[in-house]
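Take a look at the structure below.
The values are calculated or read from the model by the stated rules, or taken from the named source; none is laboratory data. Note that the coordinates shown come from a computational prediction; the quantities given were computed from them, not determined experimentally. When we count neighbours, we look across all protein chains shown, and the Cβ atoms used for this are built from the backbone with ideal geometry, even at glycine. Quick note on the areas: whole protein, heavy atoms, side chains included, nothing else; ligands and nucleic acids left out. Shrake-Rupley method; radii C 1.70, N 1.55, O 1.52, S 1.80 Å.
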Amino acid sequence: MQTVILAGGQGTRLKPFTNVIPKPLVPLGDLPILEVVLLQLKYYGADRIILAVNKLARLIEAFFGDGSRLGLTITYCLEDAPLGTAGPIGLLDGLDEDFLVMNGDVLTTIDYSDLFRRHKSSGAAASIATFQKEVKIDLGVLETRDGNFADYIEKPTYQFTVSMGVYALNRRVLSFIPKGERLDMPELMVKLHRSGQKLQCYSGDYDWLDIGRLDDYERAVALFESNRDAYLPGSSCKTVTARYAAGLARK
């Protein structure tokens, strides 16, 4: 299972951490966010990883190298300028017929192998992993009709189906990505839909948190530390992290 990980974001909402280290290397406990993602992918059958990098790319490459420490094959694609969340895919050669694309700062318990299997069997151009996100409004919300009061809802909670930043794509989407031009995933999905391509939404029983803001990051650290087994499934993940921790201790 080939996976493209978008690791070139500027991380502006996580400053000051990202002034000195790239966002994918911000730690969750004793491991960088991106290492947790890589260990999960390996457990679910990923073997070849392409890291699309930009800001502080040399630090990411120095940390993960060719991926052999994690039992993966890692290659790198360097953006000369920010290309958004879909643009970097247009720079890649040798993509499989179907492959995963995801953000490098996602904390989730999704089964990547199930997403990939369902995508391939569907024949879709793209499969979008989704999550039911509750959004609490800490204000009184007014409903009006013709400028008149209709109802008052105190601090309501709404639920939305949101994209997790995890996708399974078929190689035919490449014809919709202009090479070297900025393009974000929402724009690509709309282009595919308008052209008549099949898109499906994937859902399941899993946790998800986008580590984009400081409060999300603090919550992610607490979740990871309180339930590491859920986020690092399988003995292989635990063996790798234990071996890594032991190596750090010896330095």
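Tabulated data for the structure shown
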| read-out | value |
| --- | --- |
| Accessible area expressed per residue, the chain, with surrounding protein chains retained (probe 1.4 Å, Å²) | 50 Å² |
| Under 21 Å, Cα to Cα: Lys pairs in the range 89-202, sequence gap 8 or more or different chains | 5 |
| Sorted largest first, extent of the range 155-225 alpha carbons per principal axis (Å) | 41, 28, 25 |
| Value of D in µm² per second that Stokes-Einstein yields for the range 143-189, Kirkwood Rh from Cα pairs, at 37 °C (0.692 mPa s) | 215 µm²/s |
| Global form of the chain, assessed from the alpha-carbon gyration tensor, a/c cut-off 1.5 | oblate |
| Backbone HN-Hα couplings from phi across the range 150-156 [Karplus 6.51/-1.76/1.60, Hz, Gly and Pro as x] | 10, 6, 10, 10, 7, 6, x |
| Ordering of 42-51, 222-231, 102-111 by burial proxy (mean other Cβ atoms within 10 Å per residue, highest first) | 102-111, 42-51, 222-231 |
| Theoretical ellipticity at 222 nm over the chain - DSSP helices of four or more residues, -39500 (n - 2.57) apiece, nearest 500 | -8500 deg cm²/dmol |
| DSSP beta bridges in the range 108-241 [antiparallel fraction, %, rounded to 5] | 80 percent |
| Cα convex hull of the range 42-125, projected area averaged across orientations, nm² | 6.2 nm² |
| The chain - percent of accessible surface contributed by carbon and sulfur, probe 1.4 Å | 51 percent |
| Antiparallel content of DSSP bridges confined to the chain, in %, to 5 | 55 percent |
